[in-house]
Amino acid sequence: LAKTTQPISMDSYEGQEVNITCSHNNIATNDYITWYQQFPSQGPRFIIQGYKTKVTNEVASLFIPADRKSSTLSLPRVSLSDTAVYYCLVGDTGGFKTIFGAGTRLFVKA
Amino acid sequence: DTGVSQDPRHKITKRGQNVTFRCDPISEHNRLYWYRQTLGQGPEFLTYFQNEAQLEKSRLLSDRFSAERPKGSFSTLEIQRTEQGDSAMYLCASHRTGGARNTEAFFGQGTRLTVV
């Protein structure tokens with residue numbers, strides 16, 4: 001199972017773009033990269049999933065370089081409500097069987 | 001509301017007692033996962049079902065833990081002879097496989113277990 005490495009925490013201000021990078025050097029050919037968001041006392045919530053290049057949805061973009069050994073979650077114009085923990089998962093079924101790791105704690109300030 | 005419900009939301013039990021949690025997944029989802037999450041850590045995979053078959057169990061799942069998913073619908077997670085180290089949030093997620101693209105997993109809000 002691919003192991004992921006993310007920064008432990010990040011701070012930002014409202015309105016800024018936030019980029020969170022995840023390293024997954026041992027990613028396998030069949031693995032997808034999935035990002036989840038978690039608020040306190042709630043289960044994780046799906047943000048975005050990708051396999052290669054760039055994926056964009058209504059809340060985020062996911063950039064994956066050609067070697068797929070890392071990925072970057074981009075949150076445009078964050079607000080206070082984006083303060084949460086963000087997890088990067090890698091696996092052939094979206095990473096659901098992997099250990100999430102401690103994630104990246106994003107704190108958005110006014 | 002993700003469509004995955006867990007019951008109870010909170011459980012306080014005395015050490016040595018047995019507890020059982022229930023998860024009702026989204027009805028058309030064939031896969032169901034259980035995770036445990038302690039404070040400040042990410043969710044740790046415990047086990048998962050494909051329909052009614054339990055396909056994988058983590059080494060974290062000691063003999064005191066058992067999970068079932070009769071008829072491939074709801075699932076239960078039982079912890080026997082609880083210990084203080086079992087105190088955690090227990091999360092359930094469901095997922096639909098198939099198709100060319102992987103899909104997201106939907107998580108319930110979890111059951112917070114406190115063993116005193």
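The values are calculated or read from the model by the stated rules, or taken from the named source; none is laboratory data. None of these values were measured; they are calculated from a predicted model. Cβ: placed from backbone, ideal geometry, glycine included. Neighbour counts: every protein chain shown. Keep in mind that these areas ignore ligands, DNA and RNA; they rest on the heavy atoms of the full protein, side chains included. Shrake-Rupley method; radii C 1.70, N 1.55, O 1.52, S 1.80 Å.
Would you mind finding the one in B:L61, B:L32, B:L91, B:L39 that is within 13 Å of another protein chain (Cβ to nearest Cβ), hydrophobic (A, V, I, L, M, F, W, C) and open to solvent by 30 Å² or more (accessible area, probe 1.4 Å)?
Just one listed residue meets the conditions, B:L39.
Of everything in the range B:32-54 that's in a loop (DSSP other than H, G, I, E, B) and closer than 18 Å to B:G110 by Cβ, which residue is nearest to the chain's Cα centre (by Cα)?
The extreme case among them is B:P43.
With the condition being polar (S, T, N, Q) and within 27 Å of B:Q54 (Cβ to Cβ), I'd like the strands (runs of 3 or more DSSP E) fully within the range A:22-110 carrying at least 2 qualifying residues. Explain how you work it out, then say what you get.
On the way: elements: A:32-38, A:45-50, A:53-56, A:61-64, A:70-75, A:84-91, A:104-109.
Per the criteria, A:32-38.
Could you say which residue among B:T13, B:T2 is touching a strand residue (DSSP E or B) at 6+ places or on another chain (Cβ under 9 Å), surrounded by 13 or more Cβ atoms within 10 Å (Cβ to Cβ), farther than 19 Å from B:F107 by Cβ and of a type in the set (S, T, N, Q)?
Values: B:T2 fails: farther than 19 Å from B:F107 by Cβ.
The match here is B:T13.
So which residues in the range B:69-87 are loosely packed, with under 15 Cβ neighbours inside 10 Å, without any contact (Cβ under 8 Å) to a residue 40 or more places away in the chain and either part of a loop (DSSP other than H, G, I, E, B) or not basic (K, R) (or both), if there are any at all?
Selection gives B:P70, B:G85.
For residues in the range A:32-44 being over 10 Å from the mean Cα position of the chain (by Cα) and closer than 16 Å to A:C88 by Cβ, which is most open to solvent (accessible area, probe 1.4 Å)?
Once the filter is applied, the top-ranked residue is A:Y32.
I'd like to check something: does the range B:97-109 contain any residue that is open to solvent by 30 Å² or more (accessible area, probe 1.4 Å), more than 8 Å from every other protein chain (Cβ to nearest Cβ) and under 19 Å from B:Q6 (Cα atoms)?
no
In the range B:42-61, what residues are closer than 30 Å to A:R105 by Cα and among the small types (G, A, S)?
B:G42, B:S58
Identify the single condition in (1) within 11 Å of chain A (Cβ to nearest Cβ); (2) at pLDDT 95 or above that B:V115 does not satisfy, given that it satisfies every other one.
All conditions pass for B:V115, except number (1).
Just to verify a result, which residue in the range A:45-79, among those that are within 10 Å of the chain's Cα centre (by Cα) and within 14 Å of chain B (Cβ to nearest Cβ), is most open to solvent (accessible area, probe 1.4 Å)?
A:F46
Search the range B:55-68 for residues that are in a loop (DSSP other than H, G, I, E, B) and pair each with any residue that is among the small types (G, A, S) when their beta-carbon atoms are under 7 Å apart and the residues are at least 6 apart or on different chains.
The qualifying pairs do not exist here.
Report yes if some residue within the range B:52-59 is farther than 28 Å from A:T4 by Cα and of a type outside the set (S, T, N, Q); otherwise report no.
Yes, that holds for at least one residue.
The conditions are (1) modelled with pLDDT of 95 or more; (2) over 12 Å from the mean Cα position of the chain (by Cα); (3) open to solvent by 30 Å² or more (accessible area, probe 1.4 Å), and B:D7 fails exactly one of them. Which is it?
(2)
Of the residues in the range A:15-31, how many are open to solvent by 10 Å² or more (accessible area, probe 1.4 Å) and either among the β-branched types (V, I, T) or within 19 Å of A:A102 (Cα to Cα) (or both)? Quick ask: steps written out before the conclusion?
Step one: filter the range A:15-31 for residues open to solvent by 10 Å² or more (accessible area, probe 1.4 Å), giving A:15-17, A:19, A:21, A:23, A:25-31.
Keeping just the survivors that are either among the β-branched types (V, I, T) or within 19 Å of A:A102 (Cα to Cα) (or both) gives A:19, A:21, A:23, A:25-27, A:29.
Total satisfying the criteria: 7.
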